[in-house]
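Read-outs: derived from the displayed coordinates by stated rules, not from any lab. The structure presented is a predicted model; accordingly, all values stated were derived computationally and were not measured. So basically every Cβ, Gly included, is an ideal-geometry build from the backbone, and we count neighbours across all protein chains shown.
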Amino acid sequence: MSTGPLSKELFLSAKHLMPGGVSSPVRSFSSVGGEPFFVEKAKGAMITDADGNSYIDYVMSYGPLILGHAHPQVLEKITKVMERGLSFGAPNGLEIELAKLITDRMPSIEMIRFVNSGTESTMSAIRLARGFTDKPSIVKCKGHYHGHGDSFLVQAGSGVAQHSIPGSPGVPTDTAKLTFTVAFNDFDALSAMVKKHAREIAAVIIEPISGNMGVIVPDKEYIQNIRQLCDDHNVLLIFDEVMTGFRVAPGGAQEYFGVEADLTCLGKIIGGGMPVGAYGGKKVIMEKVSPQGPIYQAGTLSGNPVCMAAGIKTLKLLKDKELYQTLAMRTQFLADQMEKIAKHHGVDLTVQYAGSMMTPFFTNKNVYNFEDVKKTNQKMFQKYFHGMLDEGVFIPPSAFEAWFLSIAHTEDLLKKTLSAHEAVITKL
Ligand code: KE4
C-alpha cells in the first residue's frame with residue numbers, strides 16, 4: 001500500500017529537516033520498504049493518519065500505552081497538573097508518589113532515580129554499576145537493545161575474545177571493548193564468560209524477556225542461574241525492564257520469574273506515553289548516586305510534574321490483577337489463532353508472547369536466540385507487514401520488534417485483526 005497524498009507530502013518536508021524524515025529510525029519503514037504514514041490522532045487501540053485512514057494499532061508507541069491511546073483519565077490528570085506548571089527544576093511531591101507506586105510493585109527497587117528515557121536509565125545504571133564495583137566491563141546479550149548508549153551499540157567481536165567491536169560509527173573501539181557479548185538463552189556461554197572475566201565485569205545487563213529481537217521467553221532456571229552466577233562472582237545483575245516493566249506482569253519480569261535484580265531499568269509504561277525513564281535498586285547501591293554519593297547523573301526535566309502525573313495515573317489504573325489476566329488471555333487468544341490460521345493455509349508461523357507483548361516469526365521452529373531470529377523469513381514478514389497495513393492493521397515495521405496489546409484491544413478488534421491476518425496469509 002502506498003501512503004496517502006498528505007502523508008507523502010509531510011514525509012517529503014520531514015526528510016529535508018530530519019535524518020530519514022523521522023525522530024527514531026524504526027519509524028521510517030526502512031526495514032519493510034515503502035514510506036511511513038504520518039499520524040493525525042489516536043484513541044484507544046486506533047490510530048489515524050493524515051489522510052484519514054484508521055488502523056488497529058499494535059505498535060502502541062512501542063510499549064508505553066498499555067491503557068490505549070489518550071486514556072481519558074490520564075489526559076484529565078495531566079491537564080489538571082500542567083495548569084500548575086510544566087517543569088520546576090526543583091523537587092515536587094509527584095515524584096514521591098510515582099516512586100512509591102513503582103517501589104511498592106517492584107520490591108527489589110528500594111531507591112529510584114527518574115530520568116527521561118530508557119536510554120538514560122540504562123546508561124546511568126551501567127555507570128552506577130561500574131562505579132559501585134570499580135570494574136569497567138559489562139556483559140550484554142546479542143540481539144538485546146538497551147537504548148543508544150555507546151556501550152550498547154556494539155557487535156560481537158570475532159573469535160573467542162568476545163570483546164565487542166563498535167556496532168555504529170562514532171562508538172570508540174576502546175568503549176566497545178569494555179562490552180562482552182554473549183548469546184541469549186545460553187547459560188553455559190554466559191557462565192564461561194563471567195567466570196573468565198569476573199575481575200573486570202561490573203554487571204550483566206539483560207532483557208529478562210527479550211522484546212527487541214522479537215519476543216523470546218527464556219526458561220525460569222536460565223534467569224535463576226544468572227542470578228546465582230552474578231552472586232557467586234561479585235557481578236551486579238541489571239534487568240532492563242524498560243519494555244517488560246508493568247507489561248508482562250504487575251511487577252514486571254522480576255515477578256514473572258520470581259528473581260530480583262540488583263538494578264532495574266524502567267521506561268515506557270511508567271510514563272504512560274510521556275517521556276519518563278528510571279533506574280533503581282538496592283539502597284546500598286543507589287546511595288552512591290549524586291548528590292548522596294559520588295557517581296554523577298543529572299537531568300533538567302527529570303521528575304517533571306506532568307510526566308510524573310501521567311505515570312501515576314497509568315500505574316494506578318493498572319492496579320487490578322484482572323486487567324493483566326484479561327490482557328494475557330487476549331494475547332494468547334490472538335497468538336494461538338494466528339498460528340492456527342497460518343497452519344491451515346500452509347504458512348510456517350510461530351507466535352511467541354509474554355503477558356501482552358507478542359511477535360509472529362515466519363518459521364516452523366521455536367525461536368530461542370538472535371541466530372534463530374535471523375533465520376526466520378524476513379521477506380515474508382515484509383509482505384505480511386504491508387498486507388496487514390492494507391487491511392487496516394498497523395504492526396511494528398520490523399520483524400525484530402514486539403506487538404503490544406492494550407486494554408482497548410477488545411475481542412471485536414482481535415476478531416477484525418484475525419480476519420485481516422487470514423486475508424493476508426492466503427496471499428503470501
Ligand atoms: P528509549 O531510549 O527508546 O526510551 O528506551 C530504550 C530502550 C531500552 N531498553 C529496552 C528493553 C527497550 O525496548 C528500549 C526501547 N525500545 C525500542 C523498541 N524496540 C524503542 C523504539 C524506538 O527505538 O523508536
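Things worth noting here:
- Counting every C-alpha pair in the range 72-317, the share spaced more than 33 angstrom apart comes to 17%.
- With 26 Å as the limit on Cα-Cα distance, the pairs of K43/K220; K220/K268; K142/K379 that go past it are K43/K220.
- Pairs of Cα atoms nearer than 8 Å and 6+ residues apart set the relative contact order; for the chain it is 22 percent.
- Protection proxy ranking of 212-220, 343-351, 15-23 - average other beta-carbon atoms within 10 Å, highest first: 212-220, 343-351, 15-23
- Placing +1 on each Lys and Arg Cβ and -1 on each Asp and Glu Cβ, with no other charges, gives the range 72-317 a dipole about its Cα centre of roughly 340 debye.
- Counted over the range 72-317, the DSSP beta bridges are approximately 45% antiparallel.
- Stretching the chain fully between N225 and E200 yields a gain of 7.0 nm (0.36 nm per residue, less the alpha carbon separation).
- Cα→Cβ-extended label distance, 7 Å offset, between K8 and Q332, nm: 4.6 nm
- Unit charges on C-beta of K, R, D, E only; dipole of the chain, Debye: 280 debye
- Convex hull per residue volume in Å³, alpha carbons only, for the chain: 141 Å³
- Label-point separation, K383 to A70 (7 Å along Cα→Cβ), nm: 3.7 nm
- In order along the range 292-299, the Karplus-derived 3J(HN,Hα) couplings, from 6.51 cos²θ - 1.76 cosθ + 1.60 at θ = phi - 60°, round to 5, x, x, 8, 7, 6, 8, x Hz, and Gly and Pro are given as x.
- With all projection directions averaged, the alpha carbon convex hull of the range 6-49 covers 3.4 nm².
- Proximal charge balance of G143 [Cβ under 14 Å; K/R count +1, D/E count -1]: -2
- Stretchable slack from E322 to E97, in nm (0.36 nm times residue separation minus alpha-carbon distance): 78.7 nm
- Options F362, L327, P397, ranked by Cα towards positive dipole end of the range 292-397, top entry (Cβ charges): L327
- Put simply, when 380-386, 111-117 are sorted by average Cβ atoms within 10 angstrom per residue, most first, you get 111-117, 380-386.
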